[in-house]
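Please treat every number below as a calculation from the coordinates, not as lab data. Treat the numbers as computed from the prediction; the structure is a model and nothing was measured. FYI the Cβ positions are ideal-geometry reconstructions off the backbone, even for glycines, and counts take in every protein chain you see.
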Amino acid sequence: MSASQSAVRSRAEAVKVSRTFDYLIIWTLFMVLIGGYHIHFMLTGGDWDFWSDWKDRRLWVTVVPIVSITFPAAVQAMAWSRYRLPFGATLCVLGLLLGEWINRYLNFWGWTYFPVNFVFPSNLVPGAILLDVVLMLSGSFTLTAVLGGMAWGLVFYPGNWPIIAPLHIPIEYNGMMFTLADLQGYHYVRTGTPEYIRMVEKGTLRTFGKDVAPVSAFFSAFVSILIYFLWHFFGNWFSQTRFVQST
Amino acid sequence: MAATTESVKADAAEAPLLNTRNLYAGLGLYLVFYVWVRWYEGVYGWSAGLDSFAPEFEIYWMNFLYIEIVLEILTASVLWGVIWKTRDRNVMSITPREELRRHFTHWIWLACYGWALYWGGSYFTEQDGTWHQTIVRDTDFTPSHIIEFYLSYPIYIITGVASFLYAKTRLPHYQQGLSLMYMVAVIGPFMILPNVGLNEWGHTFWFMEELFVAPLHYGFVFFGWSALGVLGVVNTECEAIGKLLKKDLV
């Protein structure tokens, strides 16, 4: 192979080839991220995300942001450091949401017949946009971890409030008071997930008064910052192009 | 003028850099197959998949399992064998244009791997959630497992290894050794399949319910992280393709 030989016939062809690779890379990256991020998320926070009666003011708000900031931090580390692309977090979250919505519609509803307003996924888009915007404006991963990570945790509940609020209306049913979401779970029996498995608000956080969700969001924001740092370094490690010699 | 005409004729005669027909056929094959699989689940999951002691379970689900395992072993053996057998023994002598063409073919493999990984890691894995959380589990070989663990996972493994083998046997850039992140991106998701052993062991002897966030499932999570090895694969490819195109792009 001669170093003077060119792989393309003209600059125009080089540009076209480059664009075509871009599309192939975006497709592949997006699909692999959906697969990897979704399997991570469903097995670390999925139960709170599957069912509306798990979407409480305490553990849903605490767990989901903490476990979901992982892949966005890793992909931002690669996309911004190498290519100055400021949409790593949004790309991840849109992939996750696409995978979830397809599943909730075609399988949760289409195969096991749960209504979509019982199995809709959590909205992570506001936090992802904030993470990307902080990184783009500051160009600093430290600021993104601290400010973006905190915003990621804090904005989760407000970002989901318009969706979940109608299901958190208190109702009285057979002399007991609970939420509409609890009633959904009561009626749609899940044999493999009995009630004693459901991990929702038990009430000890009410020692702070009634502010369950803000306290949970604040704690979640704190841990999200730490997880962002950790997964930033994971992202750097996964971005390497090293070859090892076979033994 | 005559030379230009000859050059144009030669361009028209040569194979395209990206064979879009192969790309769409590959992606379409997975799509059509999995739409059929989903139809099968919809029909026979409820009618024959609820009781593993029923004769119809043996007919519609256990036979499906036996057939798919045989077909997967055959497909993997033939596909990987052909890619290895037809390897380029003078890979460092190819022209830059041929190298570029092979990178495109490699990306067809990678696009199919990403597509297969989506179906396995996202679609059929979360589908398993809704089946198990709502239907009693009375065997390790439930309808959702027969599709998820023993069909969709082997399919992405077969595709990923084929992609890795293609790069290793036909692309000069991959002759420096073994790409660490490529191995992570292929072997990590592969390890999800052996991890099924832990999952079934745990569910059989310890935990019959289906709490998705149970620590029993963390093996899947750990190996799912390795999908991020695709970041390194993208970077490696960008370096290789950049070398081929850089002087024509500046």
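Legend: mean number of C-beta atoms from other chains within 10 angstrom of residue C-beta atoms, peptide B:129-139, equals 6. This ranking places B:Ser226, A:Ser138, B:Ser93 by how few other beta-carbon atoms lie within 10 Å of each, fewest first, which gives B:Ser93, A:Ser138, B:Ser226. Looking at region B:23-55, the chymotrypsin sites (Phe, Trp or Tyr not before Pro) that sit in a DSSP loop and have at most 11 other Cβ atoms within 10 Å of their own Cβ are B:Phe53.
For region B:148-250, the fraction of alpha-carbon pairs lying more than 16 Å apart is 65 percent, rounded to a whole number.
Positive-end ranking of A:Phe50, A:Val146, A:Thr179 along the dipole of region A:13-233, with charges on Cβ about the Cα centre, is headed by A:Val146. Loop-located trypsin sites (Lys or Arg not before Pro) in region B:79-168 (DSSP state other than H, G, I, E, B) with a sparse environment of at most 13 neighbouring Cβ atoms within 10 Å: B:Arg87, B:Arg89. Cut-off 10 angstrom, C-alpha nodes, Gaussian network model of chain A. Which of A:His40, A:His187, A:His168 fluctuates the most? Largest GNM mean-square fluctuation: A:His187.
The dipole here belongs to the protein assembly as shown: it is taken about the Cα centre, uses +1 on the Cβ of Lys and Arg and -1 on the Cβ of Asp and Glu, and is about 2020 debye. Each listed q (0.08, 0.11, 0.16 Å⁻¹) maps to a log10 I(q)/I(0) for region A:13-233, found by the Debye formula over equal Cα scatterers with no solvent: -0.32, -0.58, -1.09. Only helical runs count toward this figure. For the protein assembly as shown, summing -39,500 (n - 2.57) over DSSP H runs of n ≥ 4 and dividing by all residues gives -21500 deg cm²/dmol at 222 nm. Reducing region A:100-162 and region B:22-84 to their Cα centroids gives an inter-centroid distance of 34 Å. Here the scattering of region B:6-154 is modelled by Debye summation over its C-alpha atoms, one equal scatterer each and no solvent; at q = 0.15 Å⁻¹ the log10 of I(q)/I(0) is -0.87. Can you give the Kirkwood hydrodynamic radius of chain B from its Cα pairs, in Å with one decimal? So the Kirkwood estimate lands at 20.4 Å. For region A:1-97, the square roots a ≥ b ≥ c of the C-alpha gyration tensor eigenvalues yield an a/c of 1.5 or more together with a/b exceeding b/c, which makes the shape prolate. Please compute the net charge surrounding B:Leu193, taking Lys and Arg as +1 and Asp and Glu as -1 over other residues with Cβ under 11 Å from its Cβ. The answer is -2. For chain A, set up a Gaussian network in which alpha carbons nearer than 10 Å are linked by springs, and say which option among A:Val67, A:Val212, A:Val75 fluctuates the most. Among A:Val67, A:Val212, A:Val75, the largest mean-square fluctuation in the Gaussian network model of chain A belongs to A:Val212. Could you tell me which of A:Val125, A:Val244, A:Val189 has its Cα farthest along the dipole of chain A towards the positive end, charges placed at Cβ (Lys, Arg +1; Asp, Glu -1), taken about the Cα centre? Checked the options; the winner is A:Val244. For chain A, modelled as a GNM whose springs connect Cα atoms under 10 angstrom apart, the maximal fluctuation among A:Val17, A:Val64, A:Val93 occurs at A:Val17. Around the Cα centre of region A:13-233, unit charges on the Cβ atoms of Lys, Arg, Asp and Glu (plus for the first two, minus for the last two) sum to a dipole of about 280 debye. Put simply, the C-alpha atoms of the protein assembly as shown give a gyration tensor, and the ellipsoid matching it has half-axes of 43, 29, 18 Å, longest first.
A Förster radius of 45 Å combined with the Cβ-Cβ distance from B:Ser77 to A:Lys210 puts the calculated FRET efficiency at roughly 0.10.
The residues A:Arg19, A:Arg11, when put in order of fewest to most other Cβ atoms within 10 Å, stand as A:Arg19, A:Arg11.
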